[in-house]
Every structure is written in structure tokens, then in C-alpha cells.
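Q: Dropping the structure in here first, questions after.
The values are calculated or read from the model by the stated rules, or taken from the named source; none is laboratory data. On a predicted model such as this, the values are computed, not experimentally measured, just so you know. All Cβ positions, glycine included, derive from the backbone under ideal geometry; neighbour counts span all protein chains shown. Note: areas computed on protein heavy atoms with side chains; ligands, DNA, RNA excluded. Shrake-Rupley method; radii C 1.70, N 1.55, O 1.52, S 1.80 Å.
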Amino acid sequence: MAIEFDTIQKQGLSVQIANAIRDAILEGRLAGEERLPSESDLADRFGVSRSTVREALKRLAAQNLIRSERGSSGGAFVNRMTWSEAQDNLVTTTRLLIGMNDIPLEDAIEARFSLEAAALPLAADKCAEDDLTALRAETSRQRDPLTSDEEFCASDVTFHSTIAQSTGNPLLAFQLSAAFEAMQPLMNMLVYRLRDRERIADHHDALLNALQERDSVAAANSLEQLCAYTKELAAQRRKPKAG
């Protein structure tokens, strides 16, 4: 385990030890599933008490960076974060940022559609028949009059997340899907009473057809029209009620 110990100061030792180990994990000097030295070994290395090390490990466990296992082969191990866990964290953080900082709906719309627009050339180039089939299933679900508003919202998220997955780039899909799951439900919640579900499904079908034809320009135009309609709904929502 390669960790720089020279920067450890005498103030806030547990925090600094936790940060040193955290940096080693983030920089790849500590690999996923790697076992950390024992508490006593860490105490000797850092020149602190075992209780100080224990407090540092608690901080890391609270951040889900490490876990403790009991038994003869137990100890503290570096967690290997899954894509699903990372996406859940990103979705939660994004929702908190939007909610706590009173982000205008228009800004969320702009960010969400700009992100997807950047991925459309890859999606148009790489989308497979399975992706197109999945997209068709969602537009069909969206046109079903028995689909509830909650189910429509979930289908909306799934439709755009499928486009993200169709790029074949796991990092891009991770970022986009998290953005869709964080922002799309918020937008739908605020405008669902105003939206025309058939019109949204029409925009989705146009986007699907463009991807099927591998026409990234047409796909971008379709997405821009959907963005404009969403902005239109946001503007309607801000209009004062008559009477």
C-alpha cells in the first residue's frame, strides 16, 4: 500500500489519515478488494493511536470506500464500487444539488438535452437492433392509454437511457443515464399536467426513426424539437393563472 505519510499533521489526525487512504484509493494505489494493513500496523505507520486509526476507518466506511469483515481472514477491505452503485450516488447527488440550490427548471432542461445531444452521433453510429427494439417498446408503452403518469415518466427515462446505452461507451452511458434519472422525473413532475403525451411519443418516434436510419443530423433535429416543446411547457407553467 503506497500512501504518503509525511503530510500527516498533528491536528485532525483521523481526518487526515482518512483522506490519505481515500486519495490512495482514488488514485489507484489501493485496488478494489485489497486488504488494508491492520489497525496496529496503520497506527505504527502513521505514528498515532489505534483509536485514531479506528476513527479514520469509520469515516472511510461511512463514505462506502471500505468495509470491515470479521474472522481470521477478515479486516478492512477496499470496496469495489459497481456501476449501479455509482449511478445511484450520482443521481442522488444531482437531485440534492437541484433541490437544495433551487436550480431553475429551464437550466435543468438545457443541461439535460445538451448532454444527450452530445451523445447522438455515437448512438446513431452504434445503436443495435436490440436497442431499437427496446426504444420501440417504450414508445408503444407511452401511447397506451392505460399507461399511468408514473409509468409514462418511467418509460420516458428508460427511452433516453436506452439511447445512452446504445452509444456502447460505458462511461458516457453512466453519466447520461444518471442525468436522465435525476432530471427527467423532476421535469415530468412539474409539467405532466400540461404535456401532450401523444406529442412526446411523436417526438420519440422521430428520434427513434432517425437513429434507425443512422442519421445523426435528423436525430439532433428531433431532440431539439423535443427540447423546445419541453421549454414551452416550462414557460406555460410559469404563466399566472387566469382569474
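Q: With modelled with pLDDT under 90 and crowded, with 19+ Cβ neighbours inside 10 Å as the only criterion, which of M183, M189 stands out?
A: Residue meeting the stated conditions: M183.
Q: Sticking with this one: Just a yes or no: is a residue in region 89-100 in a loop (DSSP other than H, G, I, E, B), surrounded by 13 or more Cβ atoms within 10 Å (Cβ to Cβ) and either of a type in the set (A, V, I, L, M) or at pLDDT below 85 (or both)?
A: Among the residues of region 89-100, not one is in a loop (DSSP other than H, G, I, E, B), surrounded by 13 or more Cβ atoms within 10 Å (Cβ to Cβ) and either of a type in the set (A, V, I, L, M) or at pLDDT below 85 (or both), which makes the answer no.
Q: OK, next. Report yes if D125 is part of a helix (DSSP H, G or I), modelled with pLDDT under 95 and either open to solvent by 20 Å² or more (accessible area, probe 1.4 Å) or not polar (S, T, N, Q) (or both), otherwise no.
A: When the stated conditions are applied, D125 does not pass them.
Q: Of the residues in region 66-85, how many are touching a strand residue (DSSP E or B) at 6+ places or on another chain (Cβ under 7 Å) and in contact (Cβ under 8 Å) with a residue 24 or more places away in the chain?
A: Number of matching residues: 6.
Q: Another question about this same structure. Out of (1) at pLDDT below 95; (2) open to solvent by 70 Å² or more (accessible area, probe 1.4 Å); (3) hydroxyl-bearing (S, T, Y), what's the single condition that is false for S161?
A: (2)
Q: For region 182-236, name all the residues that are among the aromatic types (F, W, Y) and outside any helix (DSSP H, G or I).
A: Across region 182-236, the qualifying residue is only Y192.
Q: Of the numbered conditions (1) farther than 22 Å from A178 by Cα; (2) at pLDDT below 95; (3) surrounded by fewer than 13 Cβ atoms within 10 Å (Cβ to Cβ), E150 satisfies every one except a single condition; which is it?
A: (1)
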